[in-house]
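Working notes, structure below.
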Amino acid sequence: MTIKLEDMFDDLPEMPPFVAGIRRAPARHFTLNQKDTELALRNALRYVPQRWHQQLAPEFLTELLTRGRIYGYRFRPAGHIKGRPIDAYRSPCIEGRAFQVMIDNNLDFDVALYPYELVTYGETGQVCQNWMQYHLIKRYLETLNRKQTLVMASGHPLGLFTSSPAAPRVIITNGIMVGCFDDLQNWNRAAALGVSNYGQMTAGGWMYIGPQGIVHGTYSTILNAGRDKLGIPADQDLSGRLFVTSGLGGMSGAQGKAIEIANGVGIIAEVDYSRIETRLEQGWVSRVTEDPAEAFKAAAQYQQQKKSTAIAFYGNVVDLLEYAVNHTIKIDLLSDQTSCHAVYDGGYCPQGISFEERTELLRSGHAGFKEMVDATLRRHFELIKALVDRGTYFFDYGNSFLKAVFDAGVSEICKNGKDPLDGFVFQSYVEDIMGPILFDYGYGPFRWVCLSGEEEDLVKTDRAALECIDPQRRFQDRDNYVWIRDAAKNRLVVGTQARILYQDATGRMNIALKFNEMVRNAEIGPVMLGRDHHDTGGTDSPFRETANIKDGSNITADMAIHCYAGNAARGMSLVALHNGGGVGIGNAINGGFGLVLDGSERVDAVIRRAIPWDVMGGVARRAWARNANSIDTSIQYNKMRAGSDHITIPYIADDKMVADLVTKAFADLKK
Ligand SMILES: NC(=O)c1ccc[n+]([C@@H]2O[C@H](COP(=O)([O-])OP(=O)(O)OC[C@H]3O[C@@H](n4cnc5c(N)ncnc54)[C@H](O)[C@@H]3O)[C@@H](O)[C@H]2O)c1
């Protein structure tokens, strides 16, 4: 067996045409020196036989100089890539076919942000680095058997290695850097050299399911923000309340739909009209205006009538907020979901220029561009402060916004006034809402894809999942029950037949076992289970997922590594570990899994041992950090699993006793 690009192409393929109207990634600024440029070329040419080098070398060089990366456009399959039904793919094992569905779905024109550049979402989150890798990965998956594991190093398929039927079939890492080089500058160089990939979370982990993936999390976040911060009772929704935010892109595009499901009124600023169009076509926003006055006037009418709606404001979020501040408009909930994790690479559009002008500036004048971004971020912060002073609740929505404001020179945004070590003056949504209310119990973004591609399978799985939830247990269960009950009605599917449903450890395990039984009984076709990496145990990030860890361990990443290794040891079909995710290189380590439900008893056993671990490893760490809801959940787990599992429970010291003792000791030291 050989796996080489020349086995797949008799001749060098023709350059396929770029379909008009498909979004293209902005040029990533070219910064390599001459020696590194040679290295990048030699690296890319490793994928193709020597007989093509004369022709490809100048082509790859042009891509590098003009786009900042070598994507190997010539090798992109022409036309529309789509996650097809699993039977349309070849492989000796079901996992090999399932992963191909997932990869192609991540690159679907309707799903991916920049499909030609293999970017699924989050401005820079790629499935792999180039189209040569895409073909090799697919060919490996077409030959993969139950005794092998495909090793994926930052988009590069390193090879197939003998393992065992109980091992993962694919093991993925993306963007992992050695500590002293773990920063954006070194990573950008590595990416331009073609040796590192920004996997984001589910882009490089092949588990993206379109914006639906985040609609549920956004719905839960804004609903609970309303209850916690605006005093709305636990059994009520956001009726009559105004949520203002920005971003209608890959993930942020979920915000319009989420506010509608939560029954509130939303205004979402977006500078790229093409993204507004996508959300209008989907029905995830209902109208668009360029006039802030019109946006707020329409919102007020809907608020008065207690009707839900999402309005797109075509323009810069800072202009929208200037208007709100100058006209004393009352905003209940305020956030931002521009791509601040890649703030200088096109993720955040400066005030005063159009989206098209920012794209041109990115290509030509990087230095001036940075100053414009920083000035806008500083203004953005001032406006938020003014609104918060008038009673608005602002939260950072996991896009590294607060960190970006700090990096733009605003040390006032730090609690300690100098650095982010003690957190920021505004809370992140995990710190305040999602952490204590969801993650600490183990509730997280469980998801599945019906690999048959049949809508009917999705309907059956929705129904089966609904039957597994007791809406009386906790208010979180009631919200999840309502979510899955109405999921089909809310028309959330983009791409493959997929569903997201927040569940805790037991809920996820029971639903997985139920689905596997349905596959066994041929009631449905095979199912790919997984989750967003943005979860209880999958991600270490002081700027997001572990923002409510207060024992000092928020700057460590042991949990995410254990989660990944533990899932591999317990036989998940796919395990992934990434650097960066939603908050940028060096700011997070995140991991996830995929498990193919083939109806077998082997998979039942994997579900029983791996799914509780995947969640409870995170709850255990949160309990050890003294998070009250995690301590309760762990005590219950210890009782439930007595004799098999046991979580170490902390003793809680008396705060006053500790403070008094240390105060006295420090006073003595000064003597
Ligand atoms: N909270 C979460 O659970 C979560 C999940 C996924 C992603 N994220 C983070 O959210 C951010 C957005 O993700 P995405 O996938 O939607 O990215 P995206 O790049 O597809 O979308 C961001 C959008 O913001 C728009 N934008 C940029 N600057 C603007 C400005 N000044 N005014 C108005 N619009 C502006 C862009 O045109 C773009 O459409 C990322 O940083 C991502 O990491 C958070």
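Do we have MET434 as farther than 21 Å from PHE543 by Cβ and among the aliphatic types (A, V, I, L, M) here?
No.
The rows are residues; the columns are (1) away from the ligand (no atom under 16 Å from the Cβ); (2) in contact (Cβ under 8 Å) with a residue 24 or more places away in the chain.
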position: GLN282; (1), (2): no, yes
position: GLU294; (1), (2): yes, no
position: LYS306; (1), (2): yes, yes
position: THR309; (1), (2): yes, yes
position: ASN316; (1), (2): no, yes
position: LEU320; (1), (2): no, yes
position: SER335; (1), (2): no, yes
position: SER339; (1), (2): no, yes
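Quick check on region 138-145. Is at least one of its residues within 18 Å of PHE99 (Cα to Cα), more than 13 Å from the ligand (Cβ to nearest atom), polar (S, T, N, Q) and surrounded by 23 or more Cβ atoms within 10 Å (Cβ to Cβ)? Steps first, answer last, please.
Keep residues of region 138-145 that are within 18 Å of PHE99 (Cα to Cα), which gives 138-145.
Adding the requirement that they be more than 13 Å from the ligand (Cβ to nearest atom) leaves 138-145.
Retained after the next criterion (residues that are polar (S, T, N, Q)): 143, 145.
This time we only want the ones that are surrounded by 23 or more Cβ atoms within 10 Å (Cβ to Cβ), so: none.
Checking region 138-145: not a single residue is within 18 Å of PHE99 (Cα to Cα), more than 13 Å from the ligand (Cβ to nearest atom), polar (S, T, N, Q) and surrounded by 23 or more Cβ atoms within 10 Å (Cβ to Cβ).
Pairs only if they're at least six apart or on different chains, beta carbon under 9 angstrom, first in region 641-666 and more than 24 Å from SER630 (Cα to Cα), second not charged (D, E, K, R); list them, first residue then second.
Hits for this filter: zero, empty list.
Which condition does ILE329 not pass, out of (1) over 25 Å from the mean Cα position of the chain (by Cα); (2) within 16 Å of the ligand (Cβ to nearest atom); (3) part of a loop (DSSP other than H, G, I, E, B); (4) surrounded by 18 or more Cβ atoms within 10 Å (Cβ to Cβ), if it passes all the others?
Going through the list (1) over 25 Å from the mean Cα position of the chain (by Cα); (2) within 16 Å of the ligand (Cβ to nearest atom); (3) part of a loop (DSSP other than H, G, I, E, B); (4) surrounded by 18 or more Cβ atoms within 10 Å (Cβ to Cβ), ILE329 breaks only (2).
Return yes when GLY346 is free of Cβ contacts under 8 Å to residues at least 12 places away in the same chain, part of a helix (DSSP H, G or I) and either within 14 Å of the ligand (Cβ to nearest atom) or in contact with a Leu (Cβ under 8 Å, 6 or more places away or on another chain) (or both) and no when it is not.
no
Restricting to region 486-507, what's the tally of residues that are in a helix (DSSP H, G or I) and surrounded by fewer than 22 Cβ atoms within 10 Å (Cβ to Cβ)?
2
Checking the conditions here, which among ILE214, ILE222, ILE171 is surrounded by fewer than 24 Cβ atoms within 10 Å (Cβ to Cβ) and more than 24 Å from LEU41 (Cβ to Cβ)? Spell out the reasoning first.
On the way: ILE214 fails: surrounded by fewer than 24 Cβ atoms within 10 Å (Cβ to Cβ); ILE222 fails: surrounded by fewer than 24 Cβ atoms within 10 Å (Cβ to Cβ).
Of the residues listed, the single one that is surrounded by fewer than 24 Cβ atoms within 10 Å (Cβ to Cβ) and more than 24 Å from LEU41 (Cβ to Cβ) is ILE171.
Give region 425-455 a look and list any residue that's out of contact with any Ser or Thr (no Cβ under 7 Å at 6 or more places or on another chain) and crowded, with 21+ Cβ neighbours inside 10 Å, or say none.
PHE426, SER428, VAL430, GLU431, ASP432, GLY435, ILE437, TYR443, PRO445, PHE446, ARG447, LEU451
Can you tell me which residues in region 222-277 are within 11 Å of the ligand (Cβ to nearest atom) and either among the basic types (Lys, Arg) or over 24 Å from the mean Cα position of the chain (by Cα) (or both)?
Result: ARG275, single match.
Could you check, for region 604-625, whether at least one of its residues is part of a loop (DSSP other than H, G, I, E, B) and of a type outside the set (Phe, Trp, Tyr)?
Yes: one or more hits.
Restricting to region 395-420, what's the tally of residues that are aliphatic (A, V, I, L, M), assigned to a loop (DSSP other than H, G, I, E, B) and away from the ligand (no atom under 16 Å from the Cβ)?
1
Which numbered condition in (1) of a type in the set (Gly, Ala, Ser); (2) more than 27 Å from MET1 (Cβ to Cβ); (3) surrounded by fewer than 24 Cβ atoms within 10 Å (Cβ to Cβ) is the only one that ALA166 fails?
(2)
Taking the condition touching a residue at least 24 places away in the same chain (Cβ under 8 Å) and farther than 26 Å from VAL119 by Cβ, does GLY409 pass?
yes
Within region 30-48, how many residues are surrounded by fewer than 18 Cβ atoms within 10 Å (Cβ to Cβ) and either among the aromatic types (Phe, Trp, Tyr) or modelled with pLDDT under 95 (or both)?
Residues meeting the conditions: 2.
The values are calculated or read from the model by the stated rules, or taken from the named source; none is laboratory data. Just so you know, these numbers come straight off a predicted model, no measurement behind them. Positions of Cβ are generated from backbone atoms using ideal geometry, with glycine treated the same way; all protein chains shown enter the neighbour counts.
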